[in-house]
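Undergrad: Can you keep this structure in mind? I'll have questions shortly.
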Amino acid sequence: MFNATSANGFLFSIEQYPVQAGTRFPMLLNLVTRSVSGPLDIKGDHSDLYMALNTGWIILLARSPQAVYDMNIMAIKIGELKDVRLPVIVAYDGFFTSHQKRRVSYFADKQFVQDFIGKPEPLYTALDPEHPISFGPYMNEPDLINNKKQLSLAMAAAYQHIGEVFRDYAAISGREYHILETYKMEDAEYALFILNSSFETAKDAVDNLRKQGKKVGVVSPSILRPFPYNDVIRVFRNVKGLCIADRADSYGANGGNMSLEVKAALKDDPGNTTTVLSRIYGLGGKEFFTEDAERLFEETIDAVAHPGKVKLFEYHGVTPGKEGYRMEIAMPPVNGKEVIGQVIAQRDPQTGRISDVKGVNAQSLSMIPKRVVPGHGACPGCGIFSNLNIFFKGLEGDVVVLFHTGCGEVVTSGYPYSSHRITFIHNLFQSGAPTLSGLVEMMEEKIKRGELPKDKKITFVMVSGDGGMDIGMGPAIGTALKGHKLILLEYDNEGYMNTGDQLSFSTPLGHDTSTSHAGTHQKGKKTHHKDTAQIMAACHIPYVATLAESNYNDMIKKAKKAQEYAQEGFVYLKALSLCPLSWRSDEQIGEKIIANAVDSCFFPLYEVDHGITKITYDPEAKGKKVPVTEWLKLMGKTRHLTKPENKDIVEAFQKEVDRRWLRIKAMHESPYL
């Protein structure tokens, strides 16, 4: 089994990692090390890697793209050894290594790799009904401690085998790896211990300082678990001063995890008198230059020469702030009183439902101040902000927004600037809905206590997208079932665009993404897209609707309805959102692309008002219905579907679009569906 993850995605599934190790089932996980929120930062450090240290997984480190390839092969062999049987993480630096473009040598014949790894020989299988096995049983106290002892012995066995596997791999590949990679440590008096890609930078610093007559060297481990305890003791035995550089902090421990573990190993060596400095550096992708490495060496030399004069623990590369400094507000906030009475909802006195929305006038609505202003960093033609600005035209009064992690959040809130003129909150996919629902409950409680006026009205909007209704779907449904009074607006750009256009459950059949390639062996995504609007409608919430910027009057009316119905409970809206970069389309025809998606009925416009479905734009009735190929041909990600050899995929896609449209029509015609 193989998987890959990063940062908060790694933490999201962290409860499973000890299960995999404790039940002794090997698997391979690539961890692209990136900063853990919050605040949000999508760049590289080791804060996610350090969370893995106590999970029971073997951890190998790869300093280069070539090492990533090689370590993945060796990891399988190590994890499947009979006296090991443990899952393995191969960790490499986010962006610094993961996004390098380098030539990588590989084995052209996969059998060569298979022969090196060996034939898998599982001790147990769940696929043999004649010999049933219980996996993952409940264990009482005496049994569990024995289990953990066995895991500890397995990790010790791995330590004995890893060096052998490295040597065996060198014999077939010509590429050598060592438990500790060292550079000019033979006579070093001062050393730097540093992980992964920074090792190469530190080597340049060593060369520069050696020219000045300073005996310095650098060490970088190829494994973190099992921790190379004996090797660390050996390599630093004669070193006067050592700086341990951590790309993550263990807050309150006076050093990162590597500092604590290296110092603990040296403490067990009775003859070791090394002065040890701990430095936190490079957080959130902060660059590490040769000059930085030289500075760490200089501090180490000073600490030995002047005991007590140099701080043993410190952050390196911090920018000092100015006491009393206050940031200027570039644009004044949108006062809710400025946006009142423009769009008016009319209710049916008998049913209590909204029968019509008045005041959708382009000229008057253009005077409403924008709640999200220009100056953000979105790609040209990005559909997120055209959708948001049209949607916000339909909302009056005060608005508080929460954004899931994604493009919409990242490009509008890069510290210390913000494109939001209203209160803005960010939280992760799985935490967005609970966070905003908690704020709703806090307002209601403050009103009960008399701390806020009884007529206080704030519209709470959660903005999701970039795969947010994959990872965040469960919590969103939970919030819906609890009836929290807020609006969830999903901008559906059909993928995880913020992290490189990976497929999501909203990616349609046959579409080309970075993880569903279109070529000779793959034909794009293999399954149909998830219908989140129907999933949310099945939760029996007051209001569900689909939106498109090509039908902006319809969008504004639905926004107003959503605001009204959010006073009753949870409301869900879904807008199709153009992404020219990942859809590989011309941003100048963005509205045409969205219009064709609507007119082909791939993205039908309808609403579900208290269980009653109503089509709000019918392209068939208007004589505008087009086949899905009219939409597909406008985007580079689907251009392969116009080729004759992919005709069957297009036919399957059209058939599913037609089925869903006929289903919506049937629901429109009957109040019982």
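All of the numbers you see were taken from the coordinates with simple rules; none came from a lab. Small disclaimer: the values here were computed from a predicted structure and weren't measured. Backbone-built Cβ (ideal geometry, glycine too); neighbour counts: all protein chains shown.
Undergrad: Magnitude of the Cβ-charge dipole of the chain, K/R +1 and D/E -1, about the Cα centre, nearest 20 debye?
TA: Roughly 940 debye, rounded to the nearest 20.
Undergrad: If you count the DSSP beta bridges with both ends in the chain, what percent of them are antiparallel, to the nearest 5? All intermediate terms of the calculation are to be shown ahead of the outcome.
TA: Numbers: 22 of 80 bridges.
About 30 percent, rounded to the nearest 5.
Undergrad: Roughly what % of DSSP beta bridges within segment 180-315 run antiparallel, to the nearest 5? It would help to have the intermediate numbers written out before the result.
TA: Values: 4 of 21 bridges.
If we restrict to bridges inside segment 180-315, about 20 percent are antiparallel.
Undergrad: State the number of lysine pairs found in segment 138-262 whose Cα atoms come within less than 30 Å, restricting to pairs 8 or more positions apart or on distinct chains.
TA: Lysine pairs satisfying the spacing and distance rule in segment 138-262 number 12.
Undergrad: Taking 10 °C and 1.306 mPa s as the conditions, I'd like the Stokes-Einstein D for segment 180-315 in µm²/s, using the Kirkwood hydrodynamic radius from alpha carbon pairs.
TA: The calculation lands on 108 µm²/s.
Undergrad: While we're here: Nothing charged except the Cβ atoms of Lys and Arg (+1) and of Asp and Glu (-1): what's the magnitude of the dipole of segment 180-315 about its Cα centre? Round to the nearest 20 debye.
TA: Values: 18 positive and 21 negative charges, 54 e Å.
Using only the charged Cβ atoms, the result is roughly 260 debye.
Undergrad: Quick check: convex hull over the Cα atoms of segment 369-486, volume per residue in Å³, rounded to an integer? Intermediate results must be reported in sequence, preceding the final value.
TA: On the way: hull volume 13.3 nm³, N = 118.
Cα convex hull per residue, to the nearest whole number: 113 Å³.
Undergrad: Go ahead and run the numbers for FRET between residue 104 and residue 340, Cβ-Cβ distance against an R0 of 60 Å, rounding to 0.05.
TA: E(calc), rounded to 0.05, equals 0.50.
Undergrad: Sticking with this one: Across every pair of different alpha-carbon atoms, what Kirkwood hydrodynamic radius in Å does the chain reach?
TA: Evaluated over the chain, this radius sits at 28.5 Å.
Undergrad: Convert each backbone phi in segment 430-444 into a coupling constant with the Karplus relation 6.51 cos²θ - 1.76 cosθ + 1.60 (shift: θ = phi - 60°), then list the ³J(HN,Hα) values in order as whole Hz, x for Gly and Pro.
TA: Working through the residues one at a time gives 6, 10, x, 4, x, 5, 5, 5, x, 5, 4, 5, 5, 4, 4 Hz.
Undergrad: Which angle between 0 and 90 degrees, to the nearest 10, do you get for helix 198-211 versus the longest principal axis of the chain when only C-alpha atoms count?
TA: It works out to around 40 degrees.
Undergrad: Tell me the mean residue ellipticity at 222 nm calculated for the chain from its helices only (DSSP H runs of n ≥ 4, each -39500 (n - 2.57), averaged over every residue, nearest 500).
TA: Helix-only estimate at 222 nm: -10500 deg cm²/dmol.
Undergrad: Any chance you could give the angle, 0 to 90 degrees and rounded to 10, that helix 647-669 forms with the longest Cα principal axis of the chain?
TA: Roughly 50 degrees, rounded to the nearest 10.
Undergrad: Which lysines have a Cα lying under 17 Å from the Cα of residue 119, excluding residues fewer than 8 positions away in the same chain?
TA: Here the lysines satisfying the reach criterion relative to residue 119 are 77, 82, 110.
Undergrad: Run down the aspartates and glutamates and flag those whose C-alpha is under 18 Å from the C-alpha of residue 457, throwing out any fewer than 8 positions away in its chain.
TA: 338, 396, 398, 441, 444, 445, 564, 568
Undergrad: Between 468, 327, 64, whose Cα lies farthest towards the positive end of the dipole of the chain when Lys and Arg beta carbons carry +1 and Asp and Glu beta carbons carry -1, centred on the Cα centre?
TA: 327
Undergrad: Let me ask something else about it. Above 20 Å lies some portion of the pair distances; for segment 517-598, what is it as a whole percent of all C-alpha pairs?
TA: Across segment 517-598, Cα pairs with separations above 20 Å total 51 percent.
Undergrad: In whole Hz, what ³J(HN,Hα) sequence does segment 403-409 give by Karplus (6.51, -1.76, 1.60; θ = phi - 60°), x for Gly and Pro?
TA: 9, 5, 4, x, 4, x, 7
Undergrad: Please give me the summed charge of the neighbours of residue 268: other residues whose Cβ is under 15 Å from its Cβ, Lys and Arg +1, Asp and Glu -1.
TA: That works out to +1.
Undergrad: Picking from 197, 259, 307, whose Cα lies most toward the positive end of the charge dipole for segment 180-315 (charges on Cβ: Lys, Arg +1; Asp, Glu -1)?
TA: Farthest along the dipole direction, towards plus: 307.
Undergrad: Please report the antiparallel percentage of the DSSP beta bridges confined to segment 379-669, to the nearest 5.
TA: So the antiparallel bridges amount to about 30 percent of the total.
Undergrad: Given a cut-off of under 8 Å on Cα pairs at least six residues apart, what relative contact order in percent is computed for segment 379-669?
TA: 18 percent
Undergrad: Give me the base-10 log of I(q)/I(0) for segment 379-669 at each q in 0.14, 0.15 Å⁻¹, Debye formula, one uniform scatterer per Cα, rounded to two decimals.
TA: -1.01, -1.15
Undergrad: Through the Karplus equation 6.51 cos²θ - 1.76 cosθ + 1.60, θ set to phi - 60°, convert the phi angles of segment 72-88 into ³J(HN,Hα) values in whole Hz; use x for Gly and Pro.
TA: Values, residue by residue: 5, 5, 5, 4, 5, 4, 5, x, 8, 4, 4, 8, 10, 6, 9, x, 10 Hz.
Undergrad: List the residues, sorted by chain then number, that are 5 or more residues from residue 488 or on another chain and whose placed amide H is less than 5 Å from its amide H.
TA: Amide H to amide H, under 5 Å and 5 or more residues apart or across chains, residue 488 pairs with 462, 571, 572, 573.
Undergrad: Ratio to report: Rg/Rh of segment 550-603, with Cα atoms as the point set and Rh obtained by the Kirkwood method; give two decimals.
TA: Radius of gyration over Kirkwood radius for segment 550-603 works out to 1.08.
Undergrad: Kindly flag which residue pairs out of 337/624; 393/614; 393/456; 322/393; 358/525; 267/309 have an alpha-carbon separation exceeding 32 Å in this structure.
TA: 337/624; 322/393; 358/525
Undergrad: Can you give me the relative contact order of the chain as a percent, contacts being Cα pairs under 8 Å and 6 or more apart?
TA: 8 percent
Undergrad: Under 17 Å between alpha carbons, and skipping anything fewer than 8 positions from residue 643 in its own chain: which aspartates and glutamates qualify?
TA: Cα-Cα hits under 17 Å: 512, 630, 651.
Undergrad: Nearest 10 degrees, 0 to 90: what angle lies between the long axis of helix 590-599 and the longest principal axis of the chain (Cα atoms)?
TA: The angle comes out at about 60 degrees.
Undergrad: Counting pairs of alpha carbon atoms under 8 Å apart in space and at least six apart in sequence, what relative contact order in percent does segment 184-338 give?
TA: Relative contact order for segment 184-338 comes out at 24 percent.
Undergrad: Can you grab the distance from the C-alpha centre of segment 311-341 to the C-alpha centre of segment 166-200, Å, no decimals?
TA: 43 Å
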